[in-house]
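Laboratory data are not the source of any read-out in this text; all were calculated from the coordinates shown. Note that the structure is predicted; figures quoted are calculated from it, not measured. A quick note on method: Cβ atoms are made from the backbone with ideal geometry, for glycine too, and the neighbour counts reach across all protein chains shown.
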Amino acid sequence: MKIFPFKESDAPAVAKMSNANSTAFQYQKVTPAFLKRMCHHSDYTMFILKEGREVLGFCGVNFKDPIIAEIGPICVKTERRTHGLGRLLVGRIFEFLEPLDTTKVIVKVKLSNKAGLEFFTALGFNKVAEVSCGGSPAVVMDYDI
C-alpha cells in the first residue's frame, strides 16, 4: 500500500468512489473532468492510497489560506474502513502541510455522516461551528497542528 499524489489517470476511480459515497460529500456527483480541473488549482492537492493499481482511498486539501487548511474530500473504500487507512491519508496531508507553516486544519462533516464525525473526533478534531454543506446540516471541526 502506498500514497501517491493525484494523477489524471486516477480521476475515473476517484470519481466512481466519490459518487458511490455521495451522501457524505458537498458535491453529490463529480466527473473525472471536474476532478482534473480541481487538482490543477495551485492551492489544492489530493493524495491517492493504492494497493497495486487499485485505489483504496483519497484525501484532498485546500491550502489557499497559509494558516488554515481545509481537508476534503476524504474517502476510503467501504470494505477497507476501520483499518487505519483514513488515518494514513490524513497523516499524509499533515506531512504535506508541515513546510507551509499551517497552524490549523479544518474539515466540514455532514451531521448525517456519523462515521466521519467519529473518525475526525478520534483524530482529535473538535467541533467549532454548525454550517450547511451541500444543503445539509454539518459541523466544522478543527485541529491545531
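In terms of its alpha-carbon gyration tensor, region 2-144 comes out rounded; the largest-to-smallest axis ratio a/c stays below the 1.5 threshold.
Count Lys and Arg as plus one, Asp and Glu as minus one, and take only other residues whose Cβ is under 14 Å from that of L89; the net charge is then +4.
Of the cross-linked pairs K77/K104; K2/K77; K77/K108; K7/K29, those separated by over 25 Å at the C-alpha level are K77/K104.
Taking a ≥ b ≥ c as the square roots of the Cα gyration tensor eigenvalues, with a/c under 1.5 meaning rounded and otherwise prolate when a/b beats b/c, else oblate, which class fits region 104-145? Because a/c hits 1.5 or more and a/b fails to exceed b/c, region 104-145 counts as oblate. Label point 7 Å out from F4 along Cα-to-Cβ: which residues of region 12-29 have amide N under 18 Å? 12-18, by backbone N distance to the label point.
For region 24-60 versus region 86-123, the spacing of their alpha-carbon centroids is 15 Å. A crude spin-label estimate for the pair V128 and D101, with each label 7 Å from Cα along the Cβ direction, gives 1.9 nm.
With a/c under 1.5 counting as rounded, go ahead and sort region 64-145 into rounded, prolate or oblate using the C-alpha gyration tensor (a ≥ b ≥ c being the square roots of the eigenvalues; past the cut-off, prolate if a/b is larger than b/c, else oblate). Oblate, because a/c is 1.5 or more while a/b does not exceed b/c. With K and R counted +1 and D and E -1, the other residues having a Cβ less than 13 Å from that of H40 yield a net charge of +1.
Net charge in the neighbourhood of R80 (other residues with Cβ under 14 Å of its Cβ; Lys, Arg +1, Asp, Glu -1) is +1. The dipole here belongs to region 2-144: it is taken about the Cα centre, uses +1 on the Cβ of Lys and Arg and -1 on the Cβ of Asp and Glu, and is about 560 debye. Between R81 and S22, what's the calculated FRET efficiency when r is the beta-carbon distance and R0 is 22 Å? Round to 0.05. The computed FRET efficiency comes out at 0.85. For region 40-79, applying the loop criterion from DSSP together with a ceiling of 12 other beta carbons within 10 Å to the trypsin sites (Lys or Arg not before Pro) yields R53, K64. Of all DSSP beta bridges confined to the chain, the antiparallel ones make up roughly 90%. Segment R53..T31, full-extension length gain: 5.9 nm, with 0.36 nm per residue of separation and the alpha-carbon distance subtracted.
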